[in-house]
Amino acid sequence: MKREIITTEDGSKTIHIPEWNEQYHSKHGAIQEANYVYIDKGLVGFLSSDNNKKSIQEVSVLEIGFGTGLNAFLTLHYAEKHQLAITYVGVEAFPISPEELQSLNYTELTAENESLWLKNMHEQPWETLEVVSQHFKLKKQKKSFLDIRDQSEFDIIYFDAFGPRVQPELWTEAVFKTMYDALKVNGVLVTYCAQGHARRAMISAGFKVEKLQGPPGKRHMLRAFKM
């Protein structure tokens, strides 16, 4: 399937799939969306919740759709800035190519001394937990999202799969039950999608779901809790 690099409205680049008319990140701003949905409403929201304000010293994150590595890169940046230990598992069935990685400009929009982080994340071996920086460890898993079998392993899930319009099979009750099982109690799942059937599937899987204001270009997003 053909993939091409496009520039989004905040100047950051992402990958576009013409056949689906679908992007890896929002055309309104790749970095802007990722920071809002996954860092602000996901990671920061989890850390600032009443259950976690004083007790969290280490966080485990599962990303559904490692893709360009942008969400992991921004999470790494947060970990170093706030000296928070993060173990990050990124699941991806179809990794991007070295040529595609070179065409992305995320490191150009951040500090120069961080430029190797994204490159190192993409070049590290699959299926092994690697130390990327002082406070950030990464394990990449090359497999289908449907093959996840973790039980109570993660504090946060970044659910960044392609949308229900093109991959409806990833937005079902069965998939969200797998996500529910993978989370620890008081864990949180965040996603850019706010479609009604996705929300209902989350609720049926056991989540408590709230609809939040979305990033620029989207009215809403969803955040779900395992209580």
- request: Could you check, for segment 141-149, whether at least one of its residues is small (Gly, Ala, Ser) and at pLDDT below 95?
  value: yes
task: Identify all residues within segment 26-84 that are crowded, with 21+ Cβ neighbours inside 10 Å and of a type in the set (D, E, K, R); write none if there are none.
output: 33, 41, 63
task: Report yes if residue 33 is modelled with pLDDT of 95 or more, of a type in the set (D, E, K, R), farther than 18 Å from residue 212 by Cβ and under 12 Å from the mean Cα position of the chain (by Cα), otherwise no.
output: no
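Filter segment 44-67 down to the residues that are within 10 Å of the chain's Cα centre (by Cα) and not aromatic (Phe, Trp, Tyr) and list them by number.
Hits for segment 44-67 are 61, 62, 63, 64, 65, 67.
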First in segment 28-41 and closer than 16 Å to residue 106 by Cα, second anywhere and of a type in the set (Gly, Ala, Ser), Cβ under 6 Å, 6 or more apart: 28/217; 30/12; 31/12; 33/26
- line: Okay, strands (runs of 3 or more DSSP E) sitting entirely in segment 139-224 with 2 or more residues that are surrounded by 17 or more Cβ atoms within 10 Å (Cβ to Cβ), I get 154-159, 183-191
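The values are calculated or read from the model by the stated rules, or taken from the named source; none is laboratory data. It should be emphasised that the depicted structure is a prediction, and the values quoted were computed from it without experimental measurement. As a convention, Cβ positions derive from the backbone with ideal geometry for all residues, glycine included, and neighbour counts pool all protein chains shown.
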